[in-house]
1. Just name the residue that is surrounded by the most Cβ atoms within 10 Å (Cβ to Cβ) out of those in region 218-243 that are more than 11 Å from R279 (Cβ to Cβ) and at pLDDT 95 or above.
2. Would you check which residues across region 104-127 are in a helix (DSSP H, G or I) and of a type in the set (S, T, N, Q) and list them?
3. Mind checking which residues of region 19-39 are more than 21 Å from P130 (Cα to Cα) and in contact (Cβ under 8 Å) with a residue 12 or more places away in the chain?
4. Taking region 261-307, which residues are closer than 30 Å to G64 by Cβ, away from the ligand (no atom under 16 Å from the Cβ) and polar (S, T, N, Q)?
5. Limited to region 103-135, what total is found for residues that are away from the ligand (no atom under 16 Å from the Cβ) and on the phi > 0 side of the Ramachandran plot?
6. Within region 248-260, does at least one residue satisfy the condition of being within 16 Å of the ligand (Cβ to nearest atom) and not in a helix (DSSP H, G or I)?
7. For I274, indicate whether it is buried (at least 19 other Cβ atoms within 10 Å of the Cβ) and touching a strand residue (DSSP E or B) at 6+ places or on another chain (Cβ under 6 Å).
8. Among the helices (runs of 4 or more DSSP H) lying completely within region 3-102, list those that include at least 3 residues that are farther than 26 Å from G126 by Cα, out of contact with any Asp or Glu (no Cβ under 9 Å at 6 or more places or on another chain) and more than 16 Å from the ligand (Cβ to nearest atom).
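The values are calculated or read from the model by the stated rules, or taken from the named source; none is laboratory data. Only a predicted model underlies this, so the values are computations on that prediction, with no experimental measurement involved. As a convention, Cβ positions derive from the backbone with ideal geometry for all residues, glycine included, and neighbour counts pool all protein chains shown.
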Amino acid sequence: MRSVIDILDLSKTEIDELIAVAEDIIKNPAKYSEKCRGKKLATLFFEPSTRTRLSFESAMYELGGNVIGFSSAQTSSASKGESVADTAKVISCYADIIAMRHPKEGAPYVASKNASIPVINAGDGGHNHPTQTLADLLTIKREKGTLNGYTIGFCGDLKFGRTVHSLISALSRYENINVVLISPDELKLPDYIKKGVLDKNGMPYTETTDLESVIPTLDVLYMTRVQGERFFSEEEYLRLRDSYILTPEKLENAKSDLAILHPLPRVNEISVKIDNDKRACYFKQVLNGKYMRMALILKLLKEAGSI
Ligand code: CP
């Protein structure tokens, strides 16, 4: 059974096809409104979410399907000690496809090995968030007109930011991308991604702690929240959480066609004064996520022979 746990579970061709389907959904939504009639998506969220869960649910409703699920571990039998494996087997009796978020890295993978229906990783710990990456890619494509040939800066918590890890992996499939890693020393991109993705694929990258010095070079700026929930020390989190705050002043030397992305939720990393700047793309990114999730649900249900 085909599941999507890591963004690299999808080939470049498949990602490009998903983007094409999402763009067609945007142009012709009525064509897709009955595609999943009678089918059920189960959203199994063991960790809080606003965008991912509700965009999956919205995506399934807009495909004519239905949704079941839970939004916290406390309201599921996980609170009584039920395993992820058993949960996946049980939900396979009720639904046609699962979207799962879990605080533990690898939990959606375990679910996929025990489910008899496709499982989509909706974010697992500090590891991966493939459908956020699909949203990011569609946003870059729509804003820049291409997924090749630009300089992208990743700023903030590059250590725990699973959306950063997934997006860098996906970008390794595209051509001529320069990566600028902007973070405090304590929150640098893990070595396994630098060596296993950037070095392995010959992607040029630089590391800096200084956003202002590199902002004029960027075509895309991917801001991230410092992931307080993954810190062991509250004191360390409080010291680092406001390391980078993007303000109109800091954008003065940025390119006029810079695309500013953020997976959200935003805490303090981007001043609300930037929201009306034409370079701010983070709310468009939210909407793009729904279209890409629609495209992915369609693909996996088709491959499973459900539709
Ligand atoms: N971007 C993202 O994953 O947001 P949520 O945590 O609200 O789902």
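1. First, the residues of region 218-243 that are more than 11 Å from R279 (Cβ to Cβ): 222-243.
Going one step further and asking which of them are at pLDDT 95 or above, we end up with 222-224.
Working: Y222: 29, M223: 23, T224: 25.
Checking each candidate, the answer is Y222.
2. If we filter region 104-127 for residues that are in a helix (DSSP H, G or I), which is where we start, we get 107-114.
Scanning region 104-127 gives S112, N114.
3. First pass over region 19-39, keeping only residues more than 21 Å from P130 (Cα to Cα): 27-39.
Selection gives P29, Y32, S33, E34, K35, C36, R37, G38, K39.
4. S306
5. Number satisfying all stated conditions: 1.
6. Going through region 248-260, the residues within 16 Å of the ligand (Cβ to nearest atom) turn out to be 260.
Filter again for not in a helix (DSSP H, G or I), leaving 260.
Yes, there is a match, as at least one residue in region 248-260 is within 16 Å of the ligand (Cβ to nearest atom) and not in a helix (DSSP H, G or I).
7. Numbers: buried (at least 19 other Cβ atoms within 10 Å of the Cβ): no; touching a strand residue (DSSP E or B) at 6+ places or on another chain (Cβ under 6 Å): yes.
Judged against the criteria, I274 is not a match.
8. Working: elements: 12-27, 51-62, 84-91.
Helices (runs of 4 or more DSSP H) meeting the threshold: 12-27.
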